[in-house]
Amino acid sequence: MNTRSNSTSHDAMQAWEDFIEEQVYPAPHEKAAEDYRNYDNPARETVREFYRQNHGHQTLDFVQEKRNEFLGLNRRRMSVFEALDFLNTLVDDSDPDIELDQLQHLLQTSESIRADGHEDWFVLTGLVHDLGKVLCLYGEPQWAVVGDTFPVGCRFDEGIIYHEFFKENTDAIRPEYNSRLGIYEEHCGLKNVLMSWGHDEYLYHVMRPYLPEPALYMIRYHSFYAWHREGAYDWLCDDHDREMLTHVKRFNPYDLYSKCPQPPDWQKLRPYYTDLIQKYLPAELSF
Ligand SMILES: [Fe+2]
Ligand SMILES: [Fe+2]
């Protein structure tokens, strides 16, 4: 496979995740490493360029196109283990340190959830929540796989990071999309709202038949920072969304802050996860 382009994807992906964790939403006891709006910092160039692309391209038409392209789920049938392996081929295998990144992030998330004694489906959610990143392996650019997600078809809220880049989004000047509600009705429920395209929405559709509702919300909205961290878009939510928001918020710290000094040993943990996967998921999933 083309490790060079995949490695580039991976770099931008990692840069986005580090940026969210270190600059925008640092752990409660930590200060932001620096003001992320400090445009003079050259280290932020990758991240700014990433957001420029993401915010510029995620139009309602683009989202519809990607949904038609991917939500038929007819690309591959994979077990969770195969998907984890597949995801790990994302990185340049010349760099052994990076090689385990994706699997390690998932394991560290799920193991931290388990260590806190949470429900088993919550642990499983930690293990699978980023499997939608296999989109990168279908050749999708990183800005269409990761990054904050937000509703399309209505005004882009100012709580979205690097909001200024929406000026390059053609939807921003379409009057029918450019009000607080846009094409939606007040409190219509997020189930009726189209989100920007990425790994969250994609994996939600893969997992929809199998996992409990709170797990599906955690998967589908884990990158919807404007909602779960900034409190925006309540005008599109119904009571069910508000109830589920508690679960999305419960998940977020494990996603962001679960880097353990001692990386979990996948071989040792495999039997536990084999049983857990079997409890909820079929032997193969449609991606
Ligand atoms: Fe994610
Ligand atoms: Fe994650």
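The values are calculated or read from the model by the stated rules, or taken from the named source; none is laboratory data. All figures in this text were calculated on a predicted structure; none of them were measured in a lab. Glycine also receives a Cβ, built like all others from the backbone with ideal geometry; neighbour counts cover every protein chain displayed.
Figures for the structure shown
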item: Residues of segment 159-191 that turn out to be in contact with a Ser or Thr (Cβ under 7 Å, 6 or more places away or on another chain) and part of a loop (DSSP other than H, G, I, E, B), as a count; result: 1
item: Which listed residue, of LEU269, LEU245, is at pLDDT 95 or above, part of a helix (DSSP H, G or I) and over 23 Å from PRO209 (Cα atoms); result: LEU269
item: Selection within segment 188-212 - closer than 23 Å to TRP235 by Cβ and surrounded by 15 or more Cβ atoms within 10 Å (Cβ to Cβ); result: CYS188, LEU190, VAL193, LEU194, MET195, SER196, TRP197, GLY198, ASP200, GLU201, TYR204
item: Extreme residue, nearest to VAL206 (Cα to Cα), among residues of segment 220-237 that are surrounded by fewer than 21 Cβ atoms within 10 Å (Cβ to Cβ) and either more than 16 Å from ligand 2 (Cβ to nearest atom) or small (Gly, Ala, Ser) (or both); result: CYS237
item: Restricting segment 222-233 to residues that are assigned to a helix (DSSP H, G or I) and touching a Leu at 6+ places or on another chain (Cβ under 9 Å), the residue that is nearest to ligand 1 (Cβ to nearest atom); result: HIS228
item: Filtered residues of segment 86-106 (kept if at pLDDT 85 or above and touching an Asp or Glu at 6+ places or on another chain (Cβ under 9 Å)); result: LEU87, GLN102, LEU103, HIS105, LEU106
item: Meets criteria (within 16 Å of ligand 2 (Cβ to nearest atom), touching a His at 6+ places or on another chain (Cβ under 6 Å) and farther than 29 Å from ARG44 by Cα) for TYR204; result: no
item: In segment 238-261, the residues that are over 16 Å from ARG114 (Cβ atoms) and surrounded by 17 or more Cβ atoms within 10 Å (Cβ to Cβ); result: ASP241, MET244, LEU245, HIS247, VAL248, ASN252, LEU256
item: Pair list, Cβ < 8 Å and 6+ apart or interchain, from segment 217-238 residues that are touching a residue at least 12 places away in the same chain (Cβ under 8 Å) to residues that are among the polar types (S, T, N, Q); result: MET218/THR125; ILE219/THR125; TYR221/THR149; HIS222/ASN252; SER223/THR149; PHE224/THR149; HIS228/ASN252; ARG229/ASN252
item: Near pairs, Cβ below 6 angstrom, 6+ apart or cross-chain, from segment 20-35 (aromatic (Phe, Trp, Tyr)) to any residue that is surrounded by 10 or more Cβ atoms within 10 Å (Cβ to Cβ) and modelled with pLDDT under 65; result: none
item: All positions within segment 137-172 that are away from ligand 1 (no atom under 12 Å from the Cβ), of a type in the set (A, V, I, L, M, F, W, C) and more than 12 Å from ALA226 (Cα to Cα); result: LEU137, TRP143, ALA144, VAL152, CYS154, PHE165, PHE166, ALA172
item: Test: residue in segment 74-85 that is farther than 26 Å from LEU137 by Cβ and at pLDDT 70 or above; result: no
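Let's see how each residue does on (1) farther than 19 Å from LEU60 by Cβ; (2) of a type in the set (S, T, N, Q):
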| site | (1), (2) |
| --- | --- |
| TRP227 | no, no |
| TYR233 | no, no |
| LEU236 | no, no |
| PHE251 | yes, no |
| TYR254 | yes, no |
| TRP266 | yes, no |
| SER286 | yes, yes |
